[in-house]
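Asker: Here's a structure for you.
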Amino acid sequence: MEPPPGGAEEGGGRFRASEHQHARYNPLRDDWVLVSAHRVKRPWQGQLEKPPHEDVPRWDPNNPLCPGATRANGEVNPQYEGTFVFPNDFPALQPDAPEPGDSDHPLFRAAAARGVCKVMCFHPWSDLTLPLMSLVEIRAVIDKWAELAAELGASYPWVQIFENKGAMMGCSNPHPHCQVWASSFLPNEACLEDRTQRQHLSQHGVPMLLEYAEQEARRKERLVVENADWLVVVPYWATWPYQTLLLPRRHVCRLQDLWEGERDSLASIMQRLLIKYDNLFEVSFPYSMGWHGAPTGSFLEEDCRHWQLHAHYYPPLLRSATIRKFMVGYEMLAQAQRDLTPEQAAERLRSLPEVHYKQRAKEMS
């Protein structure tokens, strides 16, 4: 589509991004999002209630992710005290799946899809989430992520580390954990980001997200948190209300390439971001997040300088702890649309305290 009339944001002296609908281009996905900022003035803003209190036991022998618990396949977890990784008992990818065979028509194509799926527990306690863990414990998670990325990436071209947090995001187990899927193919999002980043480097001579991080660090208006090595922004092209993008300041292609100091500062900025998320509606904030970096496997021998490591956070909540943004109707049939501008979302997140609301409650009691 063509850019909206009126030129750049605030251009022409009349257009105001916080008042007027417009479309924003996402160069990472080569698509557009409709921003309908005037819709936040609607008289009905949703009921601002908190969800029922969740009393998660620290250890439950019937929880298959707990230390010492028995999983669905009959295996017993060790009495782990840090991170714990095991093969997914119900994997979406298996290493020995047969070839689907040749297609008899171009409209009915299939291709081989092989891989492995692992589950990674962050901590032995079920009542802890990442923002409530210590920096040392978060650093251990980061180190295990990097280890798995290198180990599985030695043979698989794509290793997707992702966390679904909260029942709203389809996570049925509150125990702090993520998943790691390694595939024999590049998934759709990886192919798309590979193409757009390659084109940007070819046309502009600098990795797209390295340039973008430098621009956002200078402009400040979408910045949420930052430190010497990292910054978190609500992307200019964000789709979800409080979506964020975690970026390194240095050119880094893969998670396993991070320096020791960068891993420490990553633990810190992740904790700060996730505390702000929880503080927004004073709830354990649901989201889906995942790391994207340069492909691995055979791509380790190729030039991947166009890639820049980054993490996406996609939280669904919009107005309260229970009112979410639904991607339906126009979003499914036309293109993504949002009401709150990224700048408004960033300002709200930025202004939140960096002491967790549960910790504040303990200090006041």
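Asker: Just one of the numbered conditions (1) open to solvent by less than 50 Å² (accessible area, probe 1.4 Å); (2) small (Gly, Ala, Ser); (3) at pLDDT 95 or above is not true of ALA154; which one?
Answerer: Among (1) open to solvent by less than 50 Å² (accessible area, probe 1.4 Å); (2) small (Gly, Ala, Ser); (3) at pLDDT 95 or above, the lone unmet condition for ALA154 is (1).
Asker: Of the residues in segment 257-312, how many are of a type in the set (Asp, Glu) and within 14 Å of the chain's Cα centre (by Cα)?
Answerer: Residues flagged as of a type in the set (Asp, Glu) and within 14 Å of the chain's Cα centre (by Cα) within segment 257-312 amount to 0.
Asker: When both residues are 6+ apart or on different chains and their Cβ atoms are under 8 Å apart, which pairs have a first residue that lies in segment 202-213 and is more than 14 Å from GLN308 (Cα to Cα), and a second that is open to solvent by less than 30 Å² (accessible area, probe 1.4 Å) and not small (Gly, Ala, Ser)?
Answerer: SER202/HIS306
Asker: Which is more than 20 Å from the chain's Cα centre (by Cα) and modelled with pLDDT of 95 or more, of ASN73, ASN88?
Answerer: ASN88
Asker: A further question on this structure: Looking only at segment 324-337, filter to residues that are in contact with a Phe, Trp or Tyr (Cβ under 9 Å, 6 or more places away or on another chain) and of a type in the set (A, V, I, L, M); which one of those is least open to solvent (accessible area, probe 1.4 Å)?
Answerer: ALA336
Asker: Step by step: first the residues of segment 185-205, then only those that are out of contact with any helix residue (DSSP H, G or I) (no Cβ under 8 Å at 6 or more places or on another chain) and in a loop (DSSP other than H, G, I, E, B), then the one that is least open to solvent (accessible area, probe 1.4 Å). Which residue is that?
Answerer: PRO187
Asker: Restricted to segment 338-356, and to residues that are more than 18 Å from VAL233 (Cβ to Cβ) and at pLDDT 95 or above, which residue is surrounded by the most Cβ atoms within 10 Å (Cβ to Cβ)?
Answerer: Here the residue is HIS356.
Asker: Now for a different question. Taking the condition at pLDDT 95 or above and either over 26 Å from THR129 (Cβ atoms) or open to solvent by 80 Å² or more (accessible area, probe 1.4 Å) (or both), does GLU363 pass?
Answerer: no
Asker: Shifting gears a bit: Can you work out which of the residues in segment 259-285 that are in a loop (DSSP other than H, G, I, E, B) and open to solvent by 10 Å² or more (accessible area, probe 1.4 Å) is modelled with the highest pLDDT?
Answerer: TRP259
Asker: Follow-up. Hey, among the residues in segment 296-308 that are out of contact with any Leu (no Cβ under 6 Å at 6 or more places or on another chain) and open to solvent by less than 20 Å² (accessible area, probe 1.4 Å), which one's farthest from GLN197 (Cα to Cα)?
Answerer: GLY297
Asker: Next question, about the same structure. Tell me which residues, restricted to segment 212-253, are assigned to a helix (DSSP H, G or I), among the acidic types (Asp, Glu) and open to solvent by less than 60 Å² (accessible area, probe 1.4 Å).
Answerer: The one that is assigned to a helix (DSSP H, G or I), among the acidic types (Asp, Glu) and open to solvent by less than 60 Å² (accessible area, probe 1.4 Å): GLU216.
Asker: Report every pair of residues separated by at least 6 positions or lying on different chains whose Cβ atoms are under 8 Å apart, first residue within segment 65-77 and in contact (Cβ under 8 Å) with a residue 24 or more places away in the chain, second loosely packed, with under 13 Cβ neighbours inside 10 Å and of a type in the set (D, E, K, R).
Answerer: As it stands, the answer is PRO67/GLU81, since those pairs meet every condition given.
Asker: Also, I was wondering about something else. Among the residues of segment 110-123, count how many are open to solvent by 20 Å² or more (accessible area, probe 1.4 Å) and either out of contact with any Pro (no Cβ under 9 Å at 6 or more places or on another chain) or under 30 Å from ASN62 (Cα atoms) (or both).
Answerer: So the count comes out to 2.
Asker: Looking only at segment 172-201, count every residue that is more than 12 Å from TRP307 (Cα to Cα) and among the β-branched types (Val, Ile, Thr) and tell me the total.
Answerer: Total satisfying the criteria: 1.
Asker: Read through the list (1) among the acidic types (Asp, Glu); (2) surrounded by fewer than 19 Cβ atoms within 10 Å (Cβ to Cβ); (3) within 25 Å of LEU192 (Cα to Cα), then give the number of the only condition that ASP96 fails.
Answerer: In the conditions (1) among the acidic types (Asp, Glu); (2) surrounded by fewer than 19 Cβ atoms within 10 Å (Cβ to Cβ); (3) within 25 Å of LEU192 (Cα to Cα), ASP96 misses (3) alone.
Asker: In this structure, is VAL159 part of a strand (DSSP E or B), buried (at least 21 other Cβ atoms within 10 Å of the Cβ) and in contact with a Ser or Thr (Cβ under 9 Å, 6 or more places away or on another chain)?
Answerer: The answer is yes for VAL159.
Asker: Here's a follow-up. Does ARG319 satisfy the criteria of being open to solvent by 50 Å² or more (accessible area, probe 1.4 Å) and part of a loop (DSSP other than H, G, I, E, B)?
Answerer: no
Asker: Between a residue in segment 13-27 that is open to solvent by 60 Å² or more (accessible area, probe 1.4 Å) and any residue that is in a strand (DSSP E or B), which pairs come within a Cβ distance under 6 Å, given they are 6 or more apart or on different chains?
Answerer: Cβ pairs passing all conditions: TYR25/TRP32.
The values are calculated or read from the model by the stated rules, or taken from the named source; none is laboratory data. From a predicted model like this one, the values you see are computed outputs, not experimental measurements. No Cβ is skipped: glycine too gets one built from the backbone with ideal geometry, and neighbour counts run over all protein chains shown. Keep in mind that these areas ignore ligands, DNA and RNA; they rest on the heavy atoms of the full protein, side chains included. Shrake-Rupley method; radii C 1.70, N 1.55, O 1.52, S 1.80 Å.
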